[in-house]
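Following: one structure in structure tokens, then a few remarks.
The values are calculated or read from the model by the stated rules, or taken from the named source; none is laboratory data. Model, not experiment: these values are computed from the prediction. Backbone-built Cβ (ideal geometry, glycine too); neighbour counts: all protein chains shown. Side chains included, ligands, DNA and RNA excluded: accessible areas come from the protein's heavy atoms. Shrake-Rupley method; radii C 1.70, N 1.55, O 1.52, S 1.80 Å.
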Amino acid sequence: MKKIVLILLATAVSLPATGKGFAQDPEKRMSISLGGGRSIPSGDFADGKTRGSLFLLGITVRVSESVHLAFNGYDNLFSVKRGQHDRDRLSDDALQRLGPDVDANVSLEGANFGLMYKTATSPAAVYGVGGIGYSRAIDRFFGTMRGTKLTAFSSETSFSILIGGGVHLPMTSTVGLALDVRYIRAFNNRNVQWIPVAASVVFNFWKVDPR
């Protein structure tokens, strides 16, 4: 996830350097949103899982009155109920090494690129977003043998899709609040699905003025 954040922030820093291409259109701007909330596991992936925590980073670049390019990075962490972890994710040797009492959690991290359609702000804007990208599911297993804590993990990276929508409420000319609900599906062996529900602070910090 750290690599994703660095890539997105590097993109944000580099975009002002391309401002000459937007010089004729004073309405184009970029925003960055930072937020968090809860993630709800869905489908078969919900078996044995509890609702998880969510960190969300978004970057949008306006390309027309209502259409924006949208970049999203996310990190979710789900707890697994005791005794309901996916034992098939690890070899028998690894499970024996961890001992009989194994705890687990699942981290879902990734990024998506797509489009956002956003209505005019009056006083709040409604938006829909969709995109494609990748997700990585990381299963972590924890056990204790002879007083020593041991860990093992298994990861799987796959193609994913994202759809969702929400409301953006401006607080000032540069800061706003966004509330949204999304659906993400990763097309891996388990067809992992979840629904992030997030509140984000949105910063509009870059605007090209006509020359």
Checklist outcome for this item: Taking segment 112-143 and keeping residues open to solvent by 80 Å² or more (accessible area, probe 1.4 Å) and aromatic (Phe, Trp, Tyr) leaves 113, 117, 134
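Before we move on, is residue 153 at pLDDT below 95, under 28 Å from residue 48 (Cα atoms), in contact with a strand residue (DSSP E or B) (Cβ under 7 Å, 6 or more places away or on another chain) and in a strand (DSSP E or B)? Lay out the reasoning, then the answer.
Working: at pLDDT below 95: yes; under 28 Å from residue 48 (Cα atoms): yes; in contact with a strand residue (DSSP E or B) (Cβ under 7 Å, 6 or more places away or on another chain): yes; in a strand (DSSP E or B): yes.
So residue 153 passes the test.
With the requirement that a residue be outside any strand (DSSP E or B) and under 11 Å from residue 115 (Cβ atoms), what does segment 61-81 give you?
Passing the criteria: 63, 64, 66.
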Next on the checklist: So, in segment 43-59, exactly how many residues are open to solvent by 30 Å² or more (accessible area, probe 1.4 Å) and among the small types (Gly, Ala, Ser)?
Outcome noted: 3
Checklist entry - Got at least one residue in segment 18-29 being open to solvent by 50 Å² or more (accessible area, probe 1.4 Å), at pLDDT below 90, under 25 Å from residue 170 (Cα atoms) and touching a strand residue (DSSP E or B) at 6+ places or on another chain (Cβ under 6 Å)? => result yes
